[in-house]
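Below is one structure; the comments refer to it alone.
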Amino acid sequence: MKLLEEKIRQDGTAVNEHILKVDSFINHQVDPALMQEMGREIADHFRNRGITKVATIESSGISPALMTALSLEVPMVILKKQPSKILNQDLYQTVVTSFTKETNYELTLSKKYITSEDHVLLVDDFLANGEAATAAIRLIRMSHATIAGLGVLIEKSFQPGHEKLKGQGIEVYALARIGKMGENYIEFWE
């Protein structure tokens, strides 16, 4: 998506070969018009596939997932990073290793929001190593729902996430694919 690539070039910062800061328009401050356009683009790609729910991991995935769900006219489900103090029963749970935060956390899903009747589209802001997406897919599969695919805003194509998910039979659709990155340098894949 050229619009996103231009925004990344203009307002994003490549800190090094692994860290891309897009906090001024995606994950700290949000550009609502851009987010709506990106959600519509992901929804259009997966439209007519029988999607019944859009799911995301809190918190940076919420904005694009909400806009995608709005465009598809289906509910959005948030996979929680911490068990709720009041919703501690009837949960699916799995552990995720976060590359960015260099820690493990527990991912949870209430059993009442995704069922075997659902065909779920997973949406997130970034795809790098694929650990978070793999855990989200594992959690959704615990409910016996099917996975429609993964829509991401930015894919770091030089990291193993895309191939890892493809190997699991998951279609990955990325709006911007970064082929190479370094300090103040970003190269997009066509």
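At a glance:
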read-out	value
Selected residue (only one of 114, 186 is of a type in the set (A, V, I, L, M, F, W, C), at pLDDT 95 or above and more than 28 Å from residue 23 (Cα to Cα))	114
Leading residue by the ranking (modelled with the lowest pLDDT) among those in the range 102-111 that are closer than 30 Å to residue 12 by Cα and surrounded by fewer than 19 Cβ atoms within 10 Å (Cβ to Cβ)	102
Selection from the range 45-56 of residues that are part of a helix (DSSP H, G or I) and either farther than 26 Å from residue 139 by Cβ or out of contact with any helix residue (DSSP H, G or I) (no Cβ under 9 Å at 6 or more places or on another chain) (or both)	45
Odd one out for residue 95 among (1) more than 13 Å from residue 175 (Cβ to Cβ); (2) touching a Ser or Thr at 6+ places or on another chain (Cβ under 9 Å); (3) touching a residue at least 24 places away in the same chain (Cβ under 8 Å)	(2)
Residues located in the range 140-186, provided they are assigned to a strand (DSSP E or B), over 19 Å from residue 6 (Cα atoms) and β-branched (Val, Ile, Thr)	146, 147, 172
Positions within the range 126-150 being within 18 Å of residue 20 (Cβ to Cβ) and surrounded by 21 or more Cβ atoms within 10 Å (Cβ to Cβ), in sequence order	126, 127, 128, 130, 132, 133
Count - residues of the range 12-29 that are part of a loop (DSSP other than H, G, I, E, B) and surrounded by 14 or more Cβ atoms within 10 Å (Cβ to Cβ)	4
Residue match in the range 71-78 (condition: more than 13 Å from residue 114 (Cβ to Cβ) and buried (at least 22 other Cβ atoms within 10 Å of the Cβ))	yes
Checklist (1) more than 30 Å from residue 181 (Cα to Cα); (2) of a type outside the set (Phe, Trp, Tyr); (3) open to solvent by less than 50 Å² (accessible area, probe 1.4 Å) applied to residue 115, failing item	(3)
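The rows are residues; the columns are (1) among the hydrophobic types (A, V, I, L, M, F, W, C); (2) farther than 14 Å from residue 176 by Cα; (3) touching a Pro at 6+ places or on another chain (Cβ under 7 Å); (4) surrounded by fewer than 20 Cβ atoms within 10 Å (Cβ to Cβ).
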site: 1; (1), (2), (3), (4): yes, no, no, yes
site: 4; (1), (2), (3), (4): yes, no, no, no
site: 9; (1), (2), (3), (4): no, no, no, yes
site: 40; (1), (2), (3), (4): no, yes, no, yes
site: 43; (1), (2), (3), (4): yes, yes, no, no
site: 57; (1), (2), (3), (4): yes, yes, no, no
site: 66; (1), (2), (3), (4): yes, yes, no, yes
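The values are calculated or read from the model by the stated rules, or taken from the named source; none is laboratory data. In this text the structure is predicted, and so the values were computed from the model without any measurement. We place every Cβ from the backbone using ideal geometry, glycine too, and count neighbours over all the protein chains shown. These area figures cover heavy atoms from the full protein model, side chains too; ligands, DNA and RNA do not enter into them. Shrake-Rupley method; radii C 1.70, N 1.55, O 1.52, S 1.80 Å.
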